[in-house]
Amino acid sequence: MPDIKSMTMKLNGGQPPVKTPDAPAARGSSGQATPELRDGATSVPRADPLKSAQQQLMQLRLSNNETALARVADIIQQKGGGHELLLELRGRALAVSTGPDSAGLSAGDLIKVMRAGNELRLLGKLAPGPDASIARALAQRLPWQQNLQAGLGQLLQSLTSGLKPGLQPGQPPAGNATQPLPALAQQQLQNLLASLPRSDALAPGVGKTDGIAQQVRQWLTESGVFAESRLLHSSQAQGSPTDLKLALARVAGALLAAQGQGPEHFNRLTPLASHDLVQSPLQFPNFTASSSSSTAEPISVAQALRLLAGMLNRITVNQLHSQVLTARAGAEPGIPTNTLLIELPWLTPQQEPRMAQLRLEQYERGEESAKTTGHATVSEWRLALSMDLDEAGPLHFDVSFRYPSVSAQVWAEKQSTLRQVHEELPLLRQSLTDLGLEVKDLDCRRGSPQHTQTRLEHRLVDTKA
């Protein structure tokens, strides 16, 4: 912890803040934007000016001489040279006065404070963690995510409907006739289509078939989340042709080449964003139903490129989100040591794209727990799988596995689907038992599980079920 000047901060119990920013990101003295996102919203928390300092501290359940971690949301310079800090402490906002000295703090800093009576005492500032740059990169891409299912639907539609070319100067809209996809872009898109899993490839009962586990593993590996890792371990010429992220990039490159534009033009495009991902950018799985995105009107080349940019952003967000969550390992008890977020597109027999969302978490058994139970230290794996099927409707599976025991819970929104799942539970139990597993709990429920909320700060990420 860097050594900074100790300072007493008085809570503004009866006075409203001079300024409460409404911008998406607070800016400190350095001018660098610091993201604050909670449950899909981007804002700086507002302090309640009607509560006294003592009431505010009581609501925070902060005892006298107790220390806590706070985040500087904003610094406001008042008339007369004084400074006011907007702090976020235990999920609440506090406005505090520091006098003429701001102690060298800036928006986004994490500080350690101690309650001293009805005031807060600054004890120190935390050094930026190694995940700070990852969190900033994640925040930059959050508003520009495109739903992969919707995006794939529009791209696959262009195979038959074509694209509208860009209007030339002085050209009337009527002269902008739809044209077939450029040959190279069409080939790249067909290659992408051929690489997607198909629902009829996983018929009931194939779980025990030799090679099916390897097939599923391959589908997950090619989901785009491991694109950079695969490039690192393969030749640039090979380029992992079946990887989703790299395949989307190749389609974009082919469209750019057909327009006589280079890759640098792609970086200047504003990606198309999906409304549900703007509202809940860090919700995973995202249970918002996404329609299959076919539109009667063909999109233009420019729209296709912006669509591809948003889809690539979505995959990148899942990559960065996984890294930030994993970086929190060991921060407090009950936090998974590894987290992996994957969206896996697949095709129906009618060649329509659908999406499966997977959240895989690894939990380590503590040494004390291992001594108590008499078992060796073994990781517990938790899998959340969410998908929306045409006839069955939204389905969500929660599976917990620590060898040799396994537990599973199935959620279904449709009553008919719930009844069907309940009828299949004995067969599932028997199949798991045949694999040598001990089935501890197997249940099905109506509705959907409580959403997992992710809060992204300057260098911390909290997940709460």
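Since every read-out is calculated from the coordinates, none of them should be taken as a lab result. Note that the structure is a prediction, hence the values are computed from the model and not measured. Please note: Cβ atoms are built from the backbone with ideal geometry, for glycine as well, and neighbour counts cover all protein chains shown.
Mind listing the long-range amide H neighbours of residue 299? Cut-off is under 5 Å, sequence gap 5 or more, other chains count too, H placed in the peptide plane at 1.01 Å from N.
The list, which skips near neighbours in sequence, is 164.
Considering amide H positions built from the backbone, and no H for Pro or chain starts, which residues 5 or more places from residue 282, or on another chain, come under 5 Å of its amide H?
Excluding prolines and chain starts, which carry no amide H, the hits are 40.
Report, in listed order, any pair from 245/440; 10/125; 208/414; 10/112 with a Cα-Cα distance greater than 27 Å.
With Cα atoms farther than 27 Å apart: 245/440; 208/414.
Using the crude model of +1 on Lys and Arg Cβ and -1 on Asp and Glu Cβ, and no other charge, please compute the dipole size for the stretch 84-147 relative to its Cα centre, in debye to 20.
Once rounded to the nearest 20, the dipole reads 220 debye.
Which cross-chain or sequence-distant (5 or more) residues have an amide H under 5 Å from the amide H of residue 356, H modelled 1.01 Å from N in plane?
Sorted by chain and number, the residues that satisfy this are 344, 346.
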